[in-house]
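K.L.:
There's a structure below that I have some questions on.
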Amino acid sequence: MISKKLISIFHLAILFLFITTSTFAGTQNENKVSGFFEKIKSDPNSLRLFFAKMPKGGDLHHHLSGSVYAETYLDLAYRKNLYVDIDEFILQKSIAEDELGKKRTLLVKDALKLFGMRDKLIDSWSIRNFHPGKDSSHKHFFSTFFRFSAGYMGNEAEILAILDNRATQENVQYLETMINLPREQSETERISESFKWENPEEPQADFEKLYKLFHSSGLSSIVSKANERVERFDKNRIKVCQKRNFKCNTLIRYKTFGLRFLDKTKVFAQLVLAYEIAKTNPLVVGVNFVAPEDNYHALRDYELHMQMFQFLNKKYPEINLSLHAGELNLELVKPEELLCHIEKAVKMAGAKRIGHGVSIIYEPNYQKTIEYMSDKKVAVEVPLTSNEFILGVKGRAHPFMIYYQNDVPIVLSTDDAGVFRTDLTQQFVIAAHRYRRVNYEGIKKFVYNSIEYSFLDKQDKKNLRDLLDKKFREFEANTVTENKL
């Protein structure tokens, strides 16, 4: 009679054999897929087919309002009876008149009856058919948000549902999206309207006074309203998905932000609000800083802004920070304004990730900053389509390989998929086609980076890493079978 001990040993041996065989098969498939990937690097169409099926982890850098296509805003505006300025192509909640009393707006449903108006609106709200002339690509991009913003407010849940559905279909597992909360931002700004700055050279004392003013003047109530709104449109996103039979399997979390082009008092007000929301709402996992980095206030107050983050990081040490930094070049600013933005964002403000990082080579201490980012694992969010359109930087002119070769964590991102008329899949296509030294192992690292350097908690990260492991095994096995490798 066989003893229980022998049976247990037998079961363990079978289990060991299964695990070993499974791992070996996984390694075999990975190697075969790696070889196949090398063969298709020169073919964007084959790359598109390859990456469309590949799990892509997370998109950590995108703005909710700019993530959906212009056609979606037209549909929302049509159904919600919004108006549009047919000269400036700006969505509005109500009719507006010029100084002579002449109506400049029409209901969108009426405007669309005008010949060519649909195409004009789509072109105005995205980069489609853009040709430099009166506007630069940089100016055109940033103007789109103002033009369609009336279609964003109040429709966040539907926009999120569309984004969720598209991400699920694209095999994206996580979205970390920047959300706009203008009502609560305005309320917080009003608290500080009478505040007088007394210490321009040593602003920490003023920060403390203004910080206390907010907390003694109803900030908690504003934060509560903001949290209720975030929770409401997140919950309603699920309802929209169910109502429209969307496939919504994407984990979504949010980041709040401040606008860097405002007066310093308003900037500080927005940042305090952003940190408070991130502290009190589990759906909000971090804070960001947005808008054109070459704006007058953004340039003049850059050092002051970094000091604001220093101050707030001490008040809220648990809050994650990602900053737009280095979205600049010599066409936008003078050389003296390219010397330290990325360095100060990571070393002074304490950003855990930076967005864009394009101007790194103009910084005299760039090598030390690169080493710091590599050592401290400060990730860089790289939206290749965005960098090409806004800054005209692509290929070898882009510092992509500088980050890659120096082991700075890279996360591919869309920035604004709707405005740029792109998706995350295309960012992988561009990276693989342009930077041939990046192998399949490097591509997978970008995917896993998007989870590792997300602002999710440890358990959510583990769950998504496990999910990626499973999805990559399936993807590699299917790729081997379909291509008879």
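The values are calculated or read from the model by the stated rules, or taken from the named source; none is laboratory data. None of these values were measured; they are calculated from a predicted model. Glycine also receives a Cβ, built like all others from the backbone with ideal geometry; neighbour counts cover every protein chain displayed. For accessibility, only protein heavy atoms count, side chains too; no ligands or nucleic acids. Shrake-Rupley method; radii C 1.70, N 1.55, O 1.52, S 1.80 Å.
K.L.:
In region 329-345, which residues are in contact with a helix residue (DSSP H, G or I) (Cβ under 9 Å, 6 or more places away or on another chain) and surrounded by fewer than 24 Cβ atoms within 10 Å (Cβ to Cβ)? Please lay out each step first, then the result.
P.N.:
Of region 329-345, the ones in contact with a helix residue (DSSP H, G or I) (Cβ under 9 Å, 6 or more places away or on another chain) are 329-333, 335, 337-345.
Answer for region 329-345, where residues must be in contact with a helix residue (DSSP H, G or I) (Cβ under 9 Å, 6 or more places away or on another chain) and surrounded by fewer than 24 Cβ atoms within 10 Å (Cβ to Cβ): N329, L330, E331, L332, V333, P335, E337, L338, L339, C340, E343, K344.
K.L.:
Is there any pair linking a residue in region 110-137 that is more than 18 Å from I86 (Cα to Cα) to one that is open to solvent by 60 Å² or more (accessible area, probe 1.4 Å) and among the β-branched types (V, I, T), with Cβ under 7 Å and at least six apart or on different chains, and which?
P.N.:
none
K.L.:
Quick check, is N439 in contact (Cβ under 8 Å) with a residue 12 or more places away in the chain and over 23 Å from Q169 (Cβ atoms)? Give the steps one after another, and end with the answer.
P.N.:
Numbers: in contact (Cβ under 8 Å) with a residue 12 or more places away in the chain: yes; over 23 Å from Q169 (Cβ atoms): yes.
Answer is yes for this residue.
K.L.:
If the requirement is being among the acidic types (D, E) and under 30 Å from N129 (Cβ atoms), which of these qualifies: D375, D407, D416?
P.N.:
Numbers: D375 fails: under 30 Å from N129 (Cβ atoms); D407 fails: under 30 Å from N129 (Cβ atoms).
After applying the criteria, what remains is D416.
K.L.:
If you go through region 287-302, how many residues are in contact (Cβ under 8 Å) with a residue 60 or more places away in the chain and either among the β-branched types (V, I, T) or not in a loop (DSSP other than H, G, I, E, B) (or both)?
P.N.:
Result for region 287-302: 2.
Matching residues to (1) touching a helix residue (DSSP H, G or I) at 6+ places or on another chain (Cβ under 6 Å); (2) open to solvent by less than 20 Å² (accessible area, probe 1.4 Å); (3) more than 25 Å from L251 (Cα to Cα); (4) in contact (Cβ under 8 Å) with a residue 40 or more places away in the chain:
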residue	(1), (2), (3), (4)
Q405	no, no, yes, no
I410	yes, yes, no, no
V419	yes, yes, no, yes
Y448	no, no, no, yes
K462	no, no, no, no
N478	no, no, no, yes
L485	yes, no, yes, yes
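K.L.:
Which of the helices (runs of 4 or more DSSP H) contained wholly in region 134-240 include at least 2 residues that are in contact with a Cys (Cβ under 7 Å, 6 or more places away or on another chain) and of a type outside the set (S, T, Y)?
P.N.:
Numbers: elements: 137-152, 156-169, 182-191, 204-215.
Where helices (runs of 4 or more DSSP H) fall fully within region 134-240 and carry at least 2 residues being in contact with a Cys (Cβ under 7 Å, 6 or more places away or on another chain) and of a type outside the set (S, T, Y), they are 156-169.
K.L.:
Restrict the check to region 243-258 and report whether at least one residue is out of contact with any Lys or Arg (no Cβ under 9 Å at 6 or more places or on another chain), touching a residue at least 24 places away in the same chain (Cβ under 8 Å) and in a helix (DSSP H, G or I).
P.N.:
no
K.L.:
I would also like to ask the following. Search region 146-175 for residues being over 18 Å from the mean Cα position of the chain (by Cα) and open to solvent by less than 20 Å² (accessible area, probe 1.4 Å), and hand back the single one that is farthest from F428 (Cα to Cα).
P.N.:
Initial filter on region 146-175 (over 18 Å from the mean Cα position of the chain (by Cα)): 146-148, 150-151, 153-155, 158, 169.
Pick out the ones that are also open to solvent by less than 20 Å² (accessible area, probe 1.4 Å) and you get 148, 150-151, 155.
On the way: F148: 28, A150: 32, G151: 30, N155: 30 Å.
Among those residues, the one meeting the criterion is A150.
K.L.:
Let me ask something else. Examine region 336-344 for a residue that is within 19 Å of Q307 (Cβ to Cβ) and of a type in the set (K, R), and state whether such a residue exists. Step through it out loud before you land on a result.
P.N.:
Within region 336-344, the first condition is being within 19 Å of Q307 (Cβ to Cβ), and the residues that meet it are 337, 339-344.
Applying the additional criterion that residues be of a type in the set (K, R) yields 344.
So far as region 336-344 goes, yes, one or more of its residues are within 19 Å of Q307 (Cβ to Cβ) and of a type in the set (K, R).
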